[in-house]
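Scroll down for the structure; my scribbles are underneath it.
Read-outs: derived from the displayed coordinates by stated rules, not from any lab. These numbers were taken from a predicted model, which means no experiment stands behind them. Counting neighbours? That spans all protein chains shown, and the Cβs are built from the backbone with ideal geometry, glycine included.
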Amino acid sequence: MIPFPGPTEEIIHQALTDAFENLVFEEVVLAGVIQNHIPEIFLDGWWASIQMISPLPWGHITILVPNNLMNRFTEAILGLIDEQPDEAQNADNLGELLNTLCGRLMSLRSSPDRTFRIGLPEVGHGMAPEMSGPYRCIDCLVGEDHVFLLAPEAFWDDVIWQLDLNNC
Amino acid sequence: MRTILIVDDSATARRIIQQCLEMIGCAGYDFIQAADGLEALSKLREQEISLLITDMNMPNLDGVGLLKAVKSSPKLHHIPVFVISSLANPALENELRLIGVNKIIYKPASPQKLLDGIEQTLGKDFFE
């Protein structure tokens, strides 16, 4: 049984809140954590993924957003009225949303003197790429819609974050 | 007429930054945009820029590469530079300040963050 929400989930919730409230004007509620599994309710939608490069190359952080919610995000970001978001707009907006979210996650999880680096966002529609190792899936509610954030198990490992990795 | 160059690989981020600047009194300025450091260098060589605002994490030439090129160029090094990035942390901030960055702003950008940055580093005279 994983204690929920633990300190790491609180960091994740803070980062989600910072990114979502500022970019898409939406509140986020944590609904649960699932290990190594994406719920079947995410049948089709948008995904974005960013590689964590340093202080430790421990995998990707991926976000899954259903189609209707992604359209709503894009309408909010771009101020669209009576205009349907196109695929390029959705892709660019989701990449920027995850980029902002990952920056906040790393800032909140790392010590202040640690330099970190992340890759460029990859974005797609449909099946998300498989995670390369053990991961946790954070189930978030945005209104009535579910957004899933997948993060490698190592993100929860306090020992990793306390190592002096800048000198490795 | 002042010209502001906004550099970010996300069209959304460029649009948000421009809208924030327009809201704080830069509505009459010329805005030009670039999607990476290489495109930005090309635009910097074409015309006089009053303020360069750049992201860090970009393809082809990233923010650090762009800033090193700008600050080592006799023709460009005087241009004030703001970094708007999701990657900013104290360690990176030190590196950027050594390069000569005037202001570092954490994403997401907001009108207030940009207003504070301009007033603190460039002064109210920046607004025509």
Original post:
Which value in nm describes the separation of the simple spin-label points at B:Arg97 and A:Leu120, placed 7 Å from the Cα toward the beta carbon?
Top reply: 3.1 nm
Subject >> Whole-number percent relative contact order across chain A, with pairs defined as alpha carbons under 8 Å at least 6 apart >> reply: 33 percent
Subject >> Rounded, prolate or oblate (a/c below 1.5 giving rounded, otherwise prolate when a/b exceeds b/c) for the range B:3-123 by Cα gyration tensor >> reply: rounded
Original post:
In whole angstrom, and with the biggest value first, how far do the Cα coordinates of the protein assembly as shown range along each principal axis?
Top reply: 60, 53, 30
Original post:
If amide H atoms are built 1.01 Å from N in the plane of the peptide, which residues on other chains or at least 5 residues away come under 5 Å of the amide H of B:Met58?
Top reply: B:Gly63
Subject >> Cut-off under 5 Å, modelled amide H: who pairs with A:Arg117 long-range >> reply: A:Ile53, A:Ser54
Original post:
In whole Hz, what ³J(HN,Hα) sequence does the range A:130-143 give by Karplus (6.51, -1.76, 1.60; θ = phi - 60°), x for Gly and Pro?
Top reply: 5, 6, 7, x, x, 8, 10, 10, 8, 8, 10, 9, 10, x
Subject >> Average partner coverage of A:15-25, which counts Cβ from other chains inside 10 Å >> reply: 2
Original post:
Over the range B:3-123, what is the relative contact order in whole percent, taking alpha-carbon pairs under 8 Å and six or more residues apart?
Top reply: 26 percent
Original post:
Given springs between every Cα pair under 10 Å in a Gaussian network model of chain A, which of A:Asn67, A:Asn22, A:Asn90 has the largest fluctuation?
Top reply: A:Asn22
**OP:** Could you check which residue among A:Thr17, A:Thr115, A:Thr62 shows the biggest mean-square fluctuation in a GNM of chain A with a 10 Å Cα cutoff?
**Re:** A:Thr115
**OP:** Pull up all non-local amide H partners of A:Glu26: gap of 5 or more, or a different chain, and H-to-H distance under 5 Å with H placed in the peptide plane.
**Re:** A:Glu21
